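These notes concern the structure reproduced below.
Laboratory data are not the source of any read-out in this text; all were calculated from the coordinates shown. What you are looking at is a predicted structure, and each value in this text was computed from that prediction instead of being measured. Neighbour counts are summed over all protein chains in view; Cβ atoms, including those assigned to glycine, are modelled from backbone coordinates with ideal geometry.
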Amino acid sequence: MRTLIIHADTGYASDAVFQFQRNLLHEGDECLMRQLGESWDSRAAVAGAEGFDLVVLSGGDYEVTRLLHALAGSETAICVFPSGPVNNFFSGLGVAAEPFALARACRMGTTVEADLAEIAWIDDEGVRHRERFSLMAGSGFDAELLRAAASNRKAMGQAAYFLAAVANPAPPVIRFSIDVDGTRHQRDGIACIVANTSVIQGDIELVADCRLDDGLLDVIVLETPDAVSLIKPMLFGFLDPSGRNLGRPQIESFKGARVAVSASAPVALQVDGETKERTVSEFAVRVLPRAVRLIVDPMSPYYDEDAVGAPRFSGTELKRFPEP
Ligand SMILES: [Mg+2]
């Protein structure tokens, strides 16, 4: 097996990728590790990926999302390895996080064809932009939160997001006009988010039935009038991360492959956690179906038991309890 590991030393779980590597490699295997430095180009980092059987993306959301965009359309199996301060994309896959388990999943080679997405917008200076994303693009309060949390994220990880929410209790209410596959919805809220995967800080799923492999994006509107009411669903999220049982009355969602959003006032925009410098009034998003092949294990909701060449964990019968 030929493996390319692209590793970002974020200061979190910095030894784990080497444990993973020792477990992954058997005699006769080849492995190339590229360690990302201070500044790097994602296309250069994944150059030659098609010549490998496996590409491992080791980092946090910042590195993983950018490298995934660069790999869109590649047939090579990709293992997302969580070694950053925030690993929401990895959490959304539902794969076991231990280095040994991940190495085993890579040897089994079961993959899911996962969607990515693309957003286009014109900023308030009239400049056109087009970017791919893996997690979410969010407008309004969500983007303001991420901007406020950014300076603390390295030191505090996930807690920075919640602190930013408490520090900004009165975000403006915006009227969002949302076109989802040709159907128009008008909603008043503090944020409109288009999600490929809806896991946010704290392993909370914003909506219960968001899937990476359905060729659809989830449009999520936070209709709460202030951030204090938002804290409640966040705390509910801690009690029930799946979002299935407690309900999220302030959160409404739609599904579609093409989404166009216009806001009644210019709003902040974040794409995969990075808040853009300029505000926007309109943006459009489309799904990029089955853009990447990601390694999954039997813990993952994306694991297909009937996939060819996918043995169960050796000798262990795995059952969800309680059964869904
Ligand atoms: Mg989806």
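Spin-label point model (7 Å from Cα, Cβ direction): what's the Trp40 to Met1 distance in nm?
2.1
Would you mind ranking Ser300, Ser264 so that the residue whose beta carbon has the fewest other beta carbons within 10 Å leads the list? Mind dumping the intermediate values first?
Working: Ser300 18, Ser264 14.
So the residues, fewest neighbours to most, are Ser264, Ser300.
Contour minus end-to-end for Leu32 and His185, with contour as 0.36 nm per residue of separation and end-to-end as the Cα-Cα distance?
Values: separation 153, 0.36 × 153 = 55.08 nm, distance 4.92 nm.
Length difference between fully extended and current span is 50.2 nm.
Using Cα pairs under 8 angstrom and six or more residues apart, how large is the relative contact order of segment 1-157, in percent? Provide the component values of the computation, followed by the final result.
Details: 221 pairs, mean separation 37.2, N = 157.
For segment 1-157, the relative contact order is 24 percent.
In nm, what is the difference between 0.36 nm times the number of residues separating Glu252 and Phe321 and their Cα-Cα distance? Present the calculation step by step, with values, prior to reporting the outcome.
Numbers: separation 69, 0.36 × 69 = 24.84 nm, distance 2.86 nm.
Additional length available on full extension: 22.0 nm.
Which value, in nm² and rounded to one decimal, describes the direction-averaged projected area of the C-alpha convex hull of segment 2-110?
6.3
At 0.36 nm per residue, and after removing the present C-alpha to C-alpha distance, how many nm does the segment from Glu50 to Arg175 gain when stretched out fully? Write down the numbers at each step before the final one.
On the way: separation 125, 0.36 × 125 = 45.00 nm, distance 4.50 nm.
Gain in length upon complete extension: 40.5 nm.
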